[in-house]
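Notes follow once the structure below has been shown.
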Amino acid sequence: MTTGDYLDLFDASELSRERFSDLKDNSFWNNSSEKELKLHRIHAYPAKFPAFITSKAFDYAAAHNIKVKTVADVFCGCGTVAFEARRNSIDFWGCDINPVATLIATAKSNSYTLKKLEDYYEKIMIAFPRASKKVDLTKSAIERLNYWYHPEQLHDLAKLLNAINGTVSTRSHYRAFFLCAFSNILKSASRWLTKSIKPQIDPVKQPANVLAAFSVQFSSMVRAWEQTDLSSTSTTKIVNANVLEISAPPKAIDMIVTSPPYVTSYEYADLHQLSSLWLGYASDYRDLRTGSIGSTQHSLDFNREVKRLNRVGSEIVFSLFDRDRAIAKSTAKYFLDMQQVTKRCYKFLKPKGLALFVIGNTEYKSIRIDNAAHLSESLLGSGFSKVRVAKRRITNKILTPYRTEQGRFTRSDTGRHVYGEEFILIASK
Ligand SMILES: C[S@@+](CC[C@H](N)C(=O)[O-])C[C@H]1O[C@@H](n2cnc3c(N)ncnc32)[C@H](O)[C@@H]1O
């Protein structure tokens, strides 16, 4: 049944992929008159979702008589939901498998005083000229960093990292702030082709000066904190872990607000490699692909596991199979993982709790990968009694609806199609 701009599903047999495409835009979820806080932009993050979706999710729950005291994000990324929960005095629990994500989310969720931030910054600047150029990293990490940096930036970054580590103790929560600032200048100081979703060298790039970039980054982070002015006493727990393996949160959750990864889109471990290598999270960044949902680098016993796919999942995987077996297998693995995620979400929630997912469809060699329809079926199959679907416009992608081979947005229709819309799925336990 369709109510207003929503499609309400109660049974997986009612589900057809066409019903999703026929859905009209839902103006409630489209945009917000509120300007996004600077804090949400302190560190670049692929596929970060707009912060206003979280406040709308809380408004939606209130309008449906659900009191949200604890919210969770099982793919917490750079902490968009974590911070918005805190702004609304709601307790938060979240996890992400990527340590760079949880560093940013933690940095955003801590409280700082301006005086202490400035004192630390000054001490780091004083320590910098005498700091060592040597970094305590494995040989393979250093080799990979040599590939990405000119010697000048490589040495200055090593000195800056040593200055931070020598100034801010590992026990201090200020350390996450400064490591997050360090992490966000790593791409501009490198030879990395900016704004590309594929890691590649830009042969004509003039990498940024390390100290100048760090100073600009520090000032913009301070301004972002000054704008927030939080006095909330709610609690925030962020864990670096795989959602498929982590133990359930200590308290049952009233609402989940999350946006899952997609298959064939981002290889998060590869995109965060500079931060992962510098911060010692991995000596080979590819190790961080393990367990990352949507990665194309998984092995799967296809013949045995394919039977566990739900109906929409099997339809899509079989249509991909004729075009590209490897992609069909990665998609099967992605769908199977997401089927487990919905089971976990059901378990984490209180009775009558809500799980809200923001999810878009993707495409591979002209075959539509209907993530939203697959996820809806998976939610119903995991015990949720109803899934309500809304469609929203992604405004910044409409003018450039394709991606080039290098992963850049373009208007040219020779590229890979990028959808200008995504779905909000609200599942009721
Ligand atoms: C679409 S992003 C989430 C972005 C987030 N909403 C934000 O605003 O920053 C998906 C996230 O899922 C994470 N992820 C992938 N596999 C995971 C897993 N097995 N367990 C937990 N997180 C995972 C990725 O590292 C990525 O940060």
For every other residue with a beta carbon closer than 13 angstrom to the beta carbon of ILE142, add +1 if it is Lys or Arg and -1 if Asp or Glu, then tell me the sum. +1
Would you mind telling me the share, in percent, of accessible area of the chain contributed by carbon and sulfur at probe 1.4 angstrom? 49
Value at 222 nm in deg cm²/dmol, rounded to 500, when DSSP H runs of n ≥ 4 in the chain each add -39,500 (n - 2.57): -12000 deg cm²/dmol
By average Cβ neighbour count within 10 Å, what is the ranking of 118-129, 301-312 from highest down? 118-129, 301-312
Out of LEU274, LEU288, LEU211, a Gaussian network model of the chain with alpha-carbon springs under 10 Å gives the largest mean-square fluctuation to LEU211
In Hz, Karplus ³J(HN,Hα) per residue of region 217-225 (6.51, -1.76, 1.60; θ = phi - 60°; x = Gly, Pro): 5, 4, 4, 6, 5, 5, 4, 4, 5
Give the angle, between 0 and 90 degrees and rounded to the nearest 10, that separates the Cα long axis of helix 151-167 from the longest principal axis of the Cα atoms of the chain. 90
How tilted is helix 52-63 with respect to the longest principal axis of the chain? Cα atoms for both, answer in degrees (0 to 90, nearest 10). 40
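Suppose R0 equals 25 Å. What FRET efficiency, 1/(1 + (r/R0)^6) with r the Cβ-Cβ distance, do ILE126 and ARG223 give to the nearest 0.05? Please list the in-between numbers first.
Values: r = 23 Å, r/R0 = 0.91.
That pair, ILE126 with ARG223, gives E of 0.65.
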So what J values fall out for region 81-97 if you push phi through Karplus, 6.51 cos²θ - 1.76 cosθ + 1.60 with θ = phi - 60°, rounded to Hz, Gly and Pro as x? 5, 4, 5, 5, 4, 4, 4, 9, 6, 10, 5, 10, 9, x, 9, 8, 6
For region 132-141, in residue order, the Karplus 3J(HN,Hα) values (coefficients 6.51, -1.76, 1.60; θ = phi - 60°; whole Hz; Gly and Pro = x) are 6, 8, 8, 10, 8, 10, 6, 4, 5, 5
Enumerate lysine pairs in region 114-228 that are 8 or more residues apart or on different chains, then count those whose Cα atoms are under 25 Å apart. 21
For region 92-139 and region 175-241, what is the centre-to-centre distance using only Cα atoms, to the nearest Å? 10
Theoretical FRET efficiency, 1/(1+(r/R0)^6), r = Cβ-Cβ of ASN110 and SER33, R0 22 Å, to 0.05: 0.15
Mind ranking 102-113, 198-209 by how tightly packed they are, going by the mean number of other C-beta atoms within 10 angstrom, highest first? 102-113, 198-209
How would you rank 340-351, 57-68, 89-100, highest first, on the average number of other Cβ atoms within 10 Å across their residues? 89-100, 340-351, 57-68
Calculate, for the chain, the solvent-accessible area per residue in square angstrom, rolling a 1.4 angstrom probe over the heavy atoms of the protein chains. 45
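The values are calculated or read from the model by the stated rules, or taken from the named source; none is laboratory data. All of these numbers come straight from a predicted model, not from anything done at the bench. Counting neighbours? That spans all protein chains shown, and the Cβs are built from the backbone with ideal geometry, glycine included. We work out accessible area using only protein heavy atoms, side chains counted, and drop any ligands, DNA or RNA first. Shrake-Rupley method; radii C 1.70, N 1.55, O 1.52, S 1.80 Å.
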